[in-house]
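Worksheet: one structure, shown below.
Readers should treat all values here as calculations from the given coordinates under stated rules, not as data from a laboratory. Model, not experiment: these values are computed from the prediction. Counting neighbours? That spans all protein chains shown, and the Cβs are built from the backbone with ideal geometry, glycine included.
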Amino acid sequence: MPKPVLNEATIADYMKRNKCNREDAIDLIKYDIAIENGEKTEYDLTEEQRQNVMALNRKIDHAKTGKRTVERKPNELKVAIMAELAQFLREDAMGQDYEDVELTNISRMLHFRIGNKEFDLQLIENRPKKNK
């Protein structure tokens with residue numbers, strides 16, 4: 001948009017667009033010219049007001065929805081596999097002496113000890129490959 005110029009055509013345009021008299025249109029044009037040139041106007045904020053606005057903008061509270069947790073349906077196959085592995089290590093394994101066998105996450109993690117060493121066994125189900 002071109003910078004406003006104080007001439008009769010601009011005054012007439014401002015009077016028509018703003019539905020105001022000639023003096024008000026001239027004041028508006030002068031104000032617009034001052035704004036375009038970066039001059040101080042009577043409506044500019046003082047330095048203290050500007051600092052207050054900046055401080056308030058930093059402290060805006062945003063809508064907090066809270067922590068949303070998604071309840072996942074348990075994967076029955078993984079739960080069954082982990083239960084069988086835990087039972088096998090507790091009762092049927094013959095190669096080592098497995099101690100403190102426990103399911104730390106029923107569908108994912110199995111924790112056990114052999115002597116003074118501790119182990120975690122993690123079950124991961126891979127996603128199916130995408131068809132291209």
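If packing is taken as the average number of other Cβ atoms within 10 Å across a peptide's residues, how do 14-24, 70-80 rank, most packed first?
14-24, 70-80
Run through the DSSP bridge list for the chain and note the antiparallel percent, rounded to the nearest 5.
The antiparallel fraction comes to roughly 100 percent.
Quickly estimate the mean residue ellipticity at 222 nm for the chain, helices only: each DSSP H run with n ≥ 4 gives -39500 (n - 2.57), and the total goes over all residues, rounded to 500.
Calculated from helices alone, the mean residue ellipticity at 222 nm is -12000 deg cm²/dmol.
Which of the lysines could a cross-linker bridge to K16, judged by Cα under 22 Å and excluding same-chain residues fewer than eight apart?
By straight Cα distance, K16 reaches K3, K30.
Once the Cα atoms of helix 22-36 and of the chain are each reduced to a long axis, what angle between those two axes, in degrees from 0 to 90 to the nearest 10, is obtained?
The two axes meet at around 50 degrees.
Measure nothing fancy, just the Cα-based angle from helix 76-87's long axis to the longest principal axis of the chain, in degrees from 0 to 90, nearest 10.
Helix 76-87 and the main axis of the chain meet at about 40 degrees.
Which entry in (i) 1.61; (ii) 1.00; (iii) 1.07 is this structure's computed Rg/Rh (Cα atoms, Kirkwood Rh)?
(i)
Round to the nearest 10 and give me the degree value, 0 to 90, for the angle of helix 47-58's Cα axis relative to the longest principal axis of the chain.
Tilt of helix 47-58: around 30 degrees.
Where Lys and Arg each count +1 and Asp and Glu each count -1, what net charge lies around A34 among other residues with Cβ under 15 Å from its Cβ?
-3
Compare the Cα positions of L103, A12, I35 along the charge dipole of the chain (+1 at Cβ of Lys, Arg; -1 at Cβ of Asp, Glu; about the Cα centre) and return the one farthest towards the positive end.
A12
About its Cα centre, what dipole magnitude does the chain give when the only charges are +1 on Lys and Arg Cβ and -1 on Asp and Glu Cβ, stated in debye to the nearest 20?
The calculated dipole for the chain is roughly 620 debye.
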